[in-house]
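Asker: Okay, here's the structure, questions in a sec.
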């Protein structure tokens, strides 16, 4: 069993009932669903049997109670989740028929963005960072960077999914947001467009990866998510192509929100547990697929379906 920690936003997600219902029009929603990229990540890591912990914040309301209860039930240590004044953070999402998503985030100014990192003598194998958490405000970014620096200096590996949404990045430079994390990152988990965003104009995956390996000496591995084309794992010595897991042959795709976060958690769990890269890549593909067949970002039965070989 590996020890995996994270810090970031914990929030409730509310979704449109039907596709092609934009958020600037009156219509129906469904939810709330426990969410937040770091929370989804750590929920999946806990379901896979790891020793897990999250630093974050929720409000003194029913949403906050439900989020803490969900994380506890999954086996996550929530002793450093602050319960603060004000409302629990929320996100509203609408899907288009093509699969594109539109988000409105209510995070900054809530307890989710006021959380602080308290140092601990328990050092994880991996500390995971989500880029979306770094874009919320400078204070919260500083707390996450503090945690990243502290754990890295104590011997933990840093995994990083940039997960940078344009609505949160604004006009800021990507390295101003993520540079301090990238300088300590050993496992980088971008999508294709995110990889290219970090590579200063490179257009090919391997060219971009080579640039990042040269720029960031700590970087050991890049696992690129390629949607329906699966993923590629690139290290300083080898390259692997991992196919997508064809879950739609057994179950319909319902809600892909959070699939990438579960993908990250399964991959980090596997390599932290000493598994080879091919095994880790395929486990990540399965976890992401399971996440997508249930309504809600944390609703997939990843623990049950994998442990019982139902996938």
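Asker: Of the residues 109, 121, only one is free of Cβ contacts under 8 Å to residues at least 24 places away in the same chain and closer than 30 Å to residue 273 by Cβ; which? Show your work before the answer.
Answerer: Working: 109 fails: closer than 30 Å to residue 273 by Cβ.
That would be 121, the only listed residue that is free of Cβ contacts under 8 Å to residues at least 24 places away in the same chain and closer than 30 Å to residue 273 by Cβ.
Asker: Only one of (1) without any contact (Cβ under 8 Å) to a residue 40 or more places away in the chain; (2) under 24 Å from residue 145 (Cβ atoms) is not met by residue 57, so which one is it?
Answerer: Exception for residue 57: condition (1).
Okay, residues lined up against (1) within 17 Å of the chain's Cα centre (by Cα); (2) modelled with pLDDT of 95 or more; (3) on the phi < 0 side of the Ramachandran plot:
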position	(1), (2), (3)
13	yes, yes, yes
26	no, no, yes
32	no, yes, yes
49	no, yes, no
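Asker: Quick one: which residue in 106, 128 is under 19 Å from residue 34 (Cβ atoms) and crowded, with 24+ Cβ neighbours inside 10 Å? Even if it seems obvious, please write down each step before you answer.
Answerer: On the way: 106 fails: crowded, with 24+ Cβ neighbours inside 10 Å.
Going through 106, 128 in turn, just one is under 19 Å from residue 34 (Cβ atoms) and crowded, with 24+ Cβ neighbours inside 10 Å: 128.
Asker: Another question, if that's okay. Taking residue 72, is it under 24 Å from residue 129 (Cβ atoms), out of contact with any helix residue (DSSP H, G or I) (no Cβ under 6 Å at 6 or more places or on another chain) and assigned to a helix (DSSP H, G or I)? Spell out how you get there, then give the answer.
Answerer: Values: under 24 Å from residue 129 (Cβ atoms): yes; out of contact with any helix residue (DSSP H, G or I) (no Cβ under 6 Å at 6 or more places or on another chain): yes; assigned to a helix (DSSP H, G or I): yes.
For residue 72, the condition - under 24 Å from residue 129 (Cβ atoms), out of contact with any helix residue (DSSP H, G or I) (no Cβ under 6 Å at 6 or more places or on another chain) and assigned to a helix (DSSP H, G or I) - is met.
Asker: Then there is this: How many residues does region 122-137 contain that are more than 15 Å from the chain's Cα centre (by Cα) and at pLDDT 95 or above?
Answerer: Summing the residues that are more than 15 Å from the chain's Cα centre (by Cα) and at pLDDT 95 or above in region 122-137 gives 4.
Asker: Looking at region 235-273, which of its residues are closer than 24 Å to residue 209 by Cβ and in a loop (DSSP other than H, G, I, E, B)? Quick ask: steps written out before the conclusion?
Answerer: So the first thing to find is which residues in region 235-273 are closer than 24 Å to residue 209 by Cβ, and the list is 235-245, 259-272.
Passing the criteria: 236, 237, 238, 243, 244, 245.
Asker: Select the helices (runs of 4 or more DSSP H) contained entirely in region 153-234, then report the ones holding at least 3 residues which are surrounded by 13 or more Cβ atoms within 10 Å (Cβ to Cβ), touching a residue at least 12 places away in the same chain (Cβ under 8 Å) and within 19 Å of the chain's Cα centre (by Cα). Talk me through it step by step, then tell me what you get.
Answerer: Values: elements: 166-169, 174-182, 192-198, 205-215.
Because the criterion is at least 3 residues that are surrounded by 13 or more Cβ atoms within 10 Å (Cβ to Cβ), touching a residue at least 12 places away in the same chain (Cβ under 8 Å) and within 19 Å of the chain's Cα centre (by Cα), the helices (runs of 4 or more DSSP H) in region 153-234 that meet it are 174-182, 192-198.
Asker: Name every residue in region 289-304 that is crowded, with 24+ Cβ neighbours inside 10 Å, over 8 Å from residue 256 (Cα atoms) and in contact with a strand residue (DSSP E or B) (Cβ under 9 Å, 6 or more places away or on another chain), in order of residue number.
Answerer: 298
Asker: Please state which one of 239, 275, 250 is surrounded by fewer than 15 Cβ atoms within 10 Å (Cβ to Cβ), more than 21 Å from residue 100 (Cβ to Cβ) and in contact with a helix residue (DSSP H, G or I) (Cβ under 8 Å, 6 or more places away or on another chain).
Answerer: Working: 275 fails: surrounded by fewer than 15 Cβ atoms within 10 Å (Cβ to Cβ); 250 fails: in contact with a helix residue (DSSP H, G or I) (Cβ under 8 Å, 6 or more places away or on another chain).
That would be 239, the only listed residue that is surrounded by fewer than 15 Cβ atoms within 10 Å (Cβ to Cβ), more than 21 Å from residue 100 (Cβ to Cβ) and in contact with a helix residue (DSSP H, G or I) (Cβ under 8 Å, 6 or more places away or on another chain).
The values are calculated or read from the model by the stated rules, or taken from the named source; none is laboratory data. Just so we're clear, the structure is a prediction, and the values are computed from it rather than from any experiment. All Cβ positions, even for glycine, are placed from backbone atoms using ideal geometry, and neighbour counts span all protein chains on display.
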